[in-house]
Structure formats: structure tokens, C-alpha cells
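The values are calculated or read from the model by the stated rules, or taken from the named source; none is laboratory data. The structure presented is a predicted model; accordingly, all values stated were derived computationally and were not measured. Glycine gets a Cβ as well: all are built from the backbone with ideal geometry, and neighbour counts include every protein chain shown.
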Amino acid sequence: MNTISGAIAGYRDVNNFYTYDSLRVDTLERVPYNNRTGTDTEDISTDDIAAYASISPEAIALYQSEQGSNSESNQKSNTGSGNDELTQQEQREVSELKMTDSQVKAHEHAHKAAAAGLSTSGPNYEYETGPDGKKYAVAGDVNVSYKHSDDPEVNLRNAQQLRASALAPADPSSQDRKVAMQAEREIAQARQEIMEEQRQTEEQTNSSDSTTSNVSTENNASAFIQNQPEL
């Protein structure tokens, strides 16, 4: 049985495993400090995330959970390093990194939330250390996969969900669009297989009806001959 794997950029067939590359956002251009609303350097909220991605409640919950788990480790690793010790330029860089971190995580969580029901792994992130000593996500990916079924109806539903996952963020990357295009091809193939199955079923039904009709006609003819009076 084949496996359709989502990891975006290209497509290859290796030992009956179909592999895309991964739902990914490459390093984002940092948001200029002056374009932010407000000048505080507090943690980015889910409202900030919503401004950059169409994200479901499930994705927001994932983001909040991750932020909570990372908060304690960040505090321990950066004890004594506060924004008061940074120059104005360094504070701006930290603000831009925070915004980038929020955008990347919102993007990947949108992928994962939309892929619910398919096999997923991640999000996986690439980090950059800011002037404050903290690590900020600047790129990430989510892997999505499903097993290729003998039932084209199942393949159709899975491919449609893979496409939805690839295009879930408000700003799909070029990698995301490649996965969506591959999913479109899988959708077209599944629909073709469904139509072929329907055609074969109709032919079998028509053939069966024709055979039944012929047998009935032969029986009627035989009965007519047998019932003829002798001359």
C-alpha cells in the first residue's frame, strides 16, 4: 500500500512511498518596527497572529500551548538579560524577531490544524538567537501524509484535505503551493478512477440485464413451440 507524504517541494517515488517535500514557510522578512501597532516589546498575542493568517481555534490553542511550554525555558536561559540592557537598535531587532516568530508559528499551526485526520509531524522550526539571548523561530515546516487506498473515494477525500492544509495560511509559501498542485493531481486521478468504476458497474449491469432478457425470450420461444398442436 502506498503512502502519500506531505513535505513540500518536488515529488519523488521511492520504494512505493509517494513523498512531497514539506508544508513550509521559509525565513520571513521581518516586520519593520515602525509598522507595528504600539512600541512595546511584550510577547505577541494571538490577535497579532490573526492579522497574518487565517487560523482556526485549534491552531491558536496549539500556539498558546507551545508558548506556555517555551516560556519557562526561555526565562531560565535568559535570567538577567532584559530589554533595559539593550540599545535602541537591539530592541527594534528583538521586536522584529518576535513578530517573525509569531508569523512563522501561526503559519505552521494553520497547516497542522487544517490537516486534522491525516498523519502529521511537527511543526519543526529553525531558530535565530536575538540580541536578548532568546531564540526566535524564523522558518518552519509541518509534514502531512496519508496512505494511498484501493478506494478512490478515500483517496479523493484525503487529497482534498491535503490541499486544504497546504493552502490554510493566509500567505501560502511557494512550497505550500507546490504541495497544493500535487494534491490537485491526486484529486483529478481519484475522480477519474471513480468515473471508471462507475462506467464498469453500468456496463456489468447492462450486460446482466441483456443476458436475462435473452434467456427469457428463448424460454418463451421454446414454450410456444412445445404448445403448438400436432398437425
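Taking the criterion of being touching a residue at least 40 places away in the same chain (Cβ under 8 Å) and surrounded by 15 or more Cβ atoms within 10 Å (Cβ to Cβ), the residues of segment 171-191 that qualify are S173, Q175, D176, K178, V179, Q182, E186.
Only a single item in (1) surrounded by 15 or more Cβ atoms within 10 Å (Cβ to Cβ); (2) assigned to a strand (DSSP E or B) is not met by N124, and it is number (1). Would you confirm, using the coordinates I've provided, whether A168 is surrounded by 14 or more Cβ atoms within 10 Å (Cβ to Cβ), hydrophobic (A, V, I, L, M, F, W, C) and outside any helix (DSSP H, G or I)? The answer is yes for A168. In the set S207, S145, only one residue is more than 30 Å from E90 (Cβ to Cβ), among the polar types (S, T, N, Q) and surrounded by fewer than 18 Cβ atoms within 10 Å (Cβ to Cβ); that residue is S207. Can A180 be described as aliphatic (A, V, I, L, M), out of contact with any Gly (no Cβ under 7 Å at 6 or more places or on another chain) and over 15 Å from A113 (Cβ atoms)? Spelling it out, A180 is indeed aliphatic (A, V, I, L, M), out of contact with any Gly (no Cβ under 7 Å at 6 or more places or on another chain) and over 15 Å from A113 (Cβ atoms).
Going through (1) in contact with a Leu (Cβ under 9 Å, 6 or more places away or on another chain); (2) under 30 Å from S95 (Cα atoms) one by one, S174 falls short only on (1).
Per the listing S69, S149, S145, the residue uniquely modelled with pLDDT under 95 and assigned to a loop (DSSP other than H, G, I, E, B) is S149.
Restrict the check to segment 125-139 and report whether at least one residue is at pLDDT 90 or above, farther than 30 Å from E96 by Cβ and polar (S, T, N, Q). Checked segment 125-139: no residue is at pLDDT 90 or above, farther than 30 Å from E96 by Cβ and polar (S, T, N, Q). For segment 101-113, filtering for residues that are farther than 15 Å from L167 by Cβ and surrounded by fewer than 24 Cβ atoms within 10 Å (Cβ to Cβ) leaves 0.
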